[in-house]
Structure formats: structure tokens, C-alpha cells
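Down below is the structure, laid out as C-alpha cells.
The values are calculated or read from the model by the stated rules, or taken from the named source; none is laboratory data. All of these numbers come straight from a predicted model, not from anything done at the bench. Counting neighbours? That spans all protein chains shown, and the Cβs are built from the backbone with ideal geometry, glycine included. All accessible areas refer to the heavy atoms of the entire protein, side chains included, with ligands and DNA or RNA removed. Shrake-Rupley method; radii C 1.70, N 1.55, O 1.52, S 1.80 Å.
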Amino acid sequence: MFERLRAMLMKEFLELRRDRWAIFRLVVPLLIQVIVYGYAATFTVNRVSTAVLDLDRSQASRSLVSHFVATGRFDVVDVADRQEQITRDIDSGKAALAIIIHAGFAQYLYDGKTAPLLVVVDGTNSNTALIALGYVGQIVAQFQAEEMAKAWPAQSGAAPATVAVSLQERPWFNPGLEDRWFFIPGVLGTLTLVQVINLTSFAVVREREMGTLEQIMVSPIRPIEFILGKTLPFFLIGLADVVLVMGLGVWWFDVPFVGSPLVMLLGSSLFLLGALGLGLLVSTFSRTQQQAFALNFFLINPIFILSGFAFPIAAMPRVLQWTTFLNPLRYFLVVVRAVFLKGVGVAFLWPEFAAMTALGAGLLALSVLRFHKSLD
Amino acid sequence: MTGNAPPAVVAEGLTKRFGAFTAVDGLDLTIATGEVVGFIGPNGAGKSTTIRMLCGLLRPSAGRASVAGFDVGRQPEAVRAHIGYMSQKFSLYGDLTCRENLRFFGGIYRVPRPVMEERIRFAIAMAGLEGREDRLVSTLAGGWKQRLALGCAILHRPPVLFLDEPTSGVEPEARRRFWDLIHTLAAGGVTILVSTHYMDEAEYCNRIALIDAGRLVAMGSPGELRGLDLGGALFELGGVAAGAALAALREMPGVIEAAIFGDRLHVLVRDAATAERMGPFLKRRAVEPGALRPIAPSLEDVFVRLVARRSEEEEGGGA
Ligand SMILES: Nc1ncnc2c1ncn2[C@@H]1O[C@H](COP(=O)(O)OP(=O)(O)OP(=O)(O)O)[C@@H](O)[C@H]1O
Ligand SMILES: [Mg+2]
């Protein structure tokens, strides 16, 4: 088992090393896409046109508004004094986001109750909306911390009441928005998937085209050894992709990464099982690299659309929602976003991990079975 | 070529269907240990398909086969460990060097470490590749590539070799060298089934299996096949306009078959009387009759005739 696997891996390594353009083909498209996606997202988000309706007119409410202005990410285009004005601003596209502070906001705060802050987002541009909501969350958290510090000394003796601000997100046209700061994490999952499916399917089909697959299969090698030898390098490349995109996201685009790298590694590994399985499956249906290319194209688009990356799953017709359960990217996106932004661990993510494991095992088993047949 | 060793290859009623199309049709074949058997037949006759079934690459639709004493259907792993195979299409890694290819195939055949280097040296010497060990395979000329592929196929010292048109597209000198290798291996007790399109190569085989449209048409030594009754007498017609003469003779009563061989015609006639009438017949058709002489059939004559007879029978049966 190990001699044959080692021979396979050695050969893959030699071929990769001899391929002068391999590094270029593997890394550059990935970098370009991350950067394009990253900038496309951040440019709009740096100046979100914002409308403000302050019905409380308290010191606390003014302080909150000034927090928004201070970040430079929000461009206050209208200070309204009636709700209808806000509606008009959003509908006309004048503002992409509105902050509504109801009367009694300060009072709620000092009473230690939950003070409602209504944030209205133009849901048509969900990317901007979600990222902006992410910023709103950060700003409000900061504001809250400062208010708490101020309130603390006043609460002498008695236990301190919690000071909290709740966000009411009400995207009007896109009610299914669920997550924040999804962009780079989403790109991470999507690009890795595309890269790994393409690499795996092309590599196997290329051996079929060259005739070397037949030459190998006439040896006593077991299909599983061939498949392992063929997929292990792409598994490692897939992990390298994840690290690369993560690094770019965190250090270049300032995406917060609050979770555990280990949880991320585990999640990525499980996700890659599915991606490798899909690539192999494509290779068993393809005689030529063109066929594999066409199949990948037909496969990757639905996977992308039904992943929740760009279009919320909750807003899909029921039948499509069911099909997303078979989509490894769907689970991985949840994992990536949650690990990046919420810092949750396996205890919270185990359903996603279990689903990715089951899907990966199923896809790999299916492709190994099909692989035997496809030699015929 | 010991008489009572068990046969190296046995096929009984071996059949492969691709959908409604039957590529190999009830093939019976027995090859003794140490024999070199040539597999001859027109394009699409089913040679590669048969070989691939014998290697365990294709599952037979019907019939059975055993190779080196192992059943192809039930013990494919054991079969694979005991055979070497060169596919019709050249299939080594062009982006690896000769030595890297050898090491790779040695690895997947689990050639024991202590003998690996020695076997690689042997294969390189056999292929005449000394000094080119570290060249990329894609930069080698055809003959070297084929000898290297043979070297890769015998690294694990298989007792049975299947070579599918190993010499196609290789220049004559390299073809001759390749056949020297085949005979060296056979002298060492290796059983070899080799398919080819070249008639001169058929003469180098102990026995020849002629296959057409998936059926075994004839099997025997070159001598036996040449001695087969063709159903008439064979004449060679030289010094004629071959195309015109062929057209004329195909309409002449008593002529079973006429075929162009180079600048001459080979004409199979029912009896000597027909041969005598041939000159006048051609003259009447305004074709200058050349020199006619009786000849002994070559292997190619026999193959042409057998294949033609088979398809005539088929048409007769179908009508
Ligand atoms: N996988 C397949 N699916 C369908 N038909 C096939 C398949 N493989 C071979 N055939 C058909 O079976 C027939 C026999 O093919 P095969 O390759 O065995 O012929 P061959 O004798 O090796 O011919 P050649 O001298 O051209 O190599 C051909 O008509 C071919 O088209
Ligand atoms: Mg063939």
C-alpha cells in the first residue's frame, strides 16, 4: 500500500515541479480574484450613504450618531425628522442605510434595559448591506462599552444593570439576510472549491487522455491507492489556498478573525473531502479535459448559487432549499463565517461538520465506485 | 516451449459487446508458455479489445479467460501481478525522465528495493538508453520510447506479456531491434501475445492468430497458414497497368480474387485453365497482358483470402 502510494505521490510531485507554470496557475488567479472581490466589496462600504432619524434627541443618542460619523465609513446624507422621510430616502436610493433612534433611547439605557436601535438597510444591495451591518455592530458595541463604563460608577451598591443596544435589522427587499461580513470568508470557500474541483478532475482526466491511466490500472495497484495518490496533493493545495485567502483577508482587508485556526483547519479539511469527491466524480464522467471543463462549469454554478453565498437560502423556494442540504459549500460558508466573525467552535458547528463529513464520505465512495466502472 | 507446461493464456468463448455492437465474438485461444503469438487483423477487428480483456482492463460480456493460471474474471489482482502490458497508445509520462518513469512503474509494481536499481539498469541497457537516463521521455525518438515502454512493462519480471502494436509508427531498424528484444524475452520463457499490422513481423512469430470482425479466422504457425488451401491456384501478374487489370479481372469468370501487391497483381483462380484464358481475356478488355507466373501464397495472400472468404460467408449467410 505505502510503496505504491509513495510512488504515486513522488510522481505527482515531480510532475508538478516540472510544470514551470504550476505556481503561477495555482496562485495568481486566486490572488487576483480575492483582491478584486475584496476591493469591490470594500470600496462601496467605505462611504455608505446614511440617513439618520433621531427621535430621542438626548446626549446618548447624539453620541451614538457621532460614533457613526467618526468612523468615516458612513456618509450622513440626510438628517430626517419623520419616519416617512427615511422611507423615501431608502426607496429613492438616496441612502443605503438608515439609523432610527426612538424616543426614550437614553432612558432605556439608564434604566439598564435593552435600548432599541432600528437600522434599516436597503436590501437590494445585500453585499453592501451586510458589510455595513457588520460595521454598525462594531460601532454599537463600542458605544455600548463606553456607556457601560460611564454608567458603572452610578450604580453604587446594587448589582449593575446590563446596558445593551439591540439592532433591528430590517432589510426591506431582501428579508433573508442572515450574516455579516460574509464577503472574504465566502470567497474563501468558493475559490477553494472551484480550484480543487478543477485540479482534481483535470488531473485524472489528463491521465485518461494520455493513456497512462490504463497503464497504471493494469498494474496491481488498487484504485483507492491511485485515488489517494492523485487527491492527496490537491488536498494540500486546497489547504494552502485556504491559508492564502485567509491571510489576504485578515492582513490586507482587515477581516476580523476571532475564531480558532484549528477549528478552521478541521472545517476546511472536511470541506475539501467533498470538493475532492466532486472533482473525482466529474473525472469518472469525462473522457476528455473539455468534457471535464464543461461538467465543472455546470456543477460549480449551481453549487455557488445554492450555497447562500450571494442569495439567501431562506428566500429560496422550498425545493431549492432542500437541494442545498447536499451542497458542501453551504455548510462550509456557515463554518467560515462563524469561525471568522463569531469565533464559535466545534460545540456549535458540529452539525455542519457532521454534514460535511457525511457528504465528503458519500461523494468519495461514489466516485471510487464509479471509477471502477469508468475503466470499462 | 515445453510441451506439457500448462498454457499461459486460455480464452474460451471470450466475447465483448459494446451496447448492440459485438467487438469480440466467442474467441477461443490457447497460448503455450514461452510462445510468441502474433495477433493480426484489420483495423477494428477486436485485437485491442481482446488484449484488454485478457489484462483485466475490460470485463468480458461472455466467456472466460485465464492468464498465467489465474482466472481473469475472478482473480484480476493475481493476473495483473503476472502480466506486462504495453497499450497501443504510447503511455509513459512525457514530463518525467526515463529513470523516473522506470522508478514509478517499479514502485507501483512493488519491485523489491534491493533489486530495483539493478532492474532499472537492466531496462535502460535493454532499451539502449545509456546516457539518456535523465532525458525527458517526451524528447526521445519513437524507437527509444517503445523500448523504454517495454522496459517499464517487464520491471516486475512478468511471465506473460501483452504488447498491443508496439512497433506502429517506428522506423524499420528500430522495429527489428524491438523484435530482437521480444525473442530474447521469449527465450527466457516469457509468453508474448503481440498485435501488429506488419506482415513481415508475423513471420517472426511462433504462431499467428488471425482475427477479423471479432472472430478468430485462423490460427497456426506461419508455415501452416501459408499451406492452407485457398480454394484455387495463385498467380502473380507483373508488368501490367495494375488498376485497369484489376478492374477487368474482377469480372472474369473463374477468378476468385485479385488484389494489388505493390506494382503487381496477385490473382487467385479456380483452375489452371482460367490462368491460360487470362491473357486473351485482358487483351479483349484492351489491357496489355504482362507476365503471369504461379507463386506460393505469402502470409498476406492467405490473410487477404481468409478475411475476404469470411465476409463472403457472412453476406451469403445474411442473404
Ligand atoms: N469502449 C468502446 N466502446 C464502444 N466501441 C468500442 C470500444 N472500444 C472499442 N470499440 C470498437 O470495437 C471494435 C474493435 O476495436 P479494437 O480497438 O479492439 O480493434 P483493433 O483490432 O485493436 O483495431 P486497430 O488495429 O485499429 O487497433 C472497433 O470497431 C471499435 O470501434
Ligand atoms: Mg488496437
task = Name the residue farthest towards the positive end of the dipole of the stretch B:9-220 from the options B:Gln146, B:Cys205, B:Val217, assuming +1 on Cβ of Lys and Arg, -1 on Cβ of Asp and Glu, about the Cα centre.
result = B:Gln146
request  = Quick one: order A:His102, A:His372, B:His156 from most to least accessible surface, probe 1.4 Å.
outcome  = A:His372, A:His102, B:His156
remark   = Note on the stretch A:48-151: contact order normalised by length, alpha-carbon pairs under 8 Å, 6 or more apart, percent, works out to 31
key: lysines with Cα under 18 Å of B:Lys145, excluding same-chain neighbours fewer than 8 positions away   = B:Lys89
Size of electric dipole in the protein assembly as shown: Cβ of Lys, Arg +1 and of Asp, Glu -1, about Cα centre, debye, nearest 20 = 540
key: Positive dipole terminus of the protein assembly as shown, leading residue within B:Val36, B:Ala275, A:Ile35 (C-beta point charges)   = B:Val36
query = Any idea of B:Thr139's accessible area? Nearest 10 Å², probe 1.4 Å.
reply = 70
note = Between the residues B:Leu193, A:Pro302, A:Gln289, the Cα farthest towards the positive end of the dipole of the protein assembly as shown, that dipole coming from +1 and -1 charges on the beta-carbon of Lys, Arg, Asp and Glu, is from B:Leu193
task = Enter the angle in degrees (range 0 to 90, nearest 10) between the Cα long axis of helix B:272-284 and the first principal axis of the Cα atoms of chain B, meaning the one along which they spread out most.
result = 70
message = Spelling out what I want: for every residue of the stretch B:97-103, take phi, set θ = phi - 60°, compute 6.51 cos²θ - 1.76 cosθ + 1.60 (Karplus), and round to whole Hz; glycine and proline get x.
response = 7, 4, 5, 5, 4, 4, 5
remark   = One would report the antiparallel percent of DSSP beta bridges in chain B, rounded to the nearest 5, as 65
query = How big is the accessible area of A:Met8 in square angstrom, nearest 10, if you roll a 1.4 angstrom probe over the protein chains?
reply = 0
message = Are there any residues in the stretch A:6-25 with a reduction of at least 30 Å² in accessible surface when going from the isolated chain to the assembly of protein chains? Probe 1.4 Å, please list them by number.
response = A:Arg6, A:Ala7, A:Lys11, A:Leu14, A:Glu15, A:Arg18
inquiry  = I'd like the accessible area for A:Val242, computed on protein heavy atoms only with a 1.4 Å probe and all protein chains in place. Round to 10 Å², please.
reply    = 10
inquiry  = Just to confirm my numbers, what's the Cα centroid distance between the stretch A:300-376 and the stretch A:185-222 in Å?
reply    = 20
query = For the protein assembly as shown, what is the accessible area per residue in Å² when the probe is 1.4 Å?
reply = 45
By accessible area with a 1.4 Å probe, ligands and nucleic acids excluded, highest first: order of B:Arg305, B:Arg264, A:Arg57, A:Arg6 = A:Arg57, A:Arg6, B:Arg264, B:Arg305
Using θ = phi - 60° and Karplus 6.51 cos²θ - 1.76 cosθ + 1.60, couplings along the stretch A:362-367 (whole Hz; Gly, Pro as x) = x, 5, 5, 4, 4, 6
task = Using only Cα atoms, tell me the angle between helix B:142-153 and the longest principal axis of chain B; keep it within 0 to 90° and round to the nearest 10.
result = 50
remark   = Note: B vs A interface, total accessible area buried (1.4 Å probe; ligands, DNA, RNA excluded), nearest 100 Å², is 2700
message = Give me the percent relative contact order of chain B, please, defined on Cα pairs under 8 angstrom at least 6 residues apart.
response = 18
ask   = Roughly how many Å is it from the Cα centre of the stretch B:193-246 to that of the stretch B:253-268, as a whole number?
value = 14
query = Ignoring any ligand, DNA or RNA, what whole percent of the accessible area of the protein assembly as shown comes from carbon and sulfur when the probe is 1.4 angstrom?
reply = 60
key: the protein assembly as shown: calculated mean residue ellipticity at 222 nm from DSSP helix runs of at least 4, using -39500 (n - 2.57)   = -17000 deg cm²/dmol
task = From largest accessible area down, sort B:Trp179, B:Trp144; use a 1.4 Å probe on the protein chains.
result = B:Trp144, B:Trp179
request  = Could you pull out every residue, at least 5 positions away or on a different chain, whose amide H is within less than 5 Å of the one on A:Ser49? Hs are placed 1.01 Å off N in the peptide plane, and Pro or chain starts have none.
outcome  = A:Asp75, A:Ala96
ask   = Quick one: putting +1 on the C-beta of Lys and Arg, -1 on the C-beta of Asp and Glu, what dipole do you get for the stretch B:176-231 around its Cα centre, in Debye to the nearest 20?
value = 140
Charge dipole (debye, nearest 20) of the stretch B:233-296; +1 at Cβ of Lys and Arg, -1 at Cβ of Asp and Glu = 160
request  = Indicate the residues belonging to the stretch B:47-64 that lose 50 Å² or more of solvent-accessible heavy-atom surface (probe 1.4 Å) upon moving from the chain alone to the assembly of all protein chains, ignoring ligands and nucleic acids.
outcome  = B:Leu57
Fraction of antiparallel bridges per DSSP, the stretch A:48-151 only, in percent to nearest 5 = 30
task = Could you tell me whether the stretch B:1-108 comes out rounded, prolate or oblate from its Cα gyration tensor? Rule is a ≥ b ≥ c as square roots of the eigenvalues, rounded for a/c under 1.5, then prolate if a/b exceeds b/c, otherwise oblate.
result = oblate
inquiry  = Restricting to Cα pairs below 8 Å that are 6+ residues apart, what does the relative contact order work out to for the stretch B:233-296? Please round to a whole percent.
reply    = 47
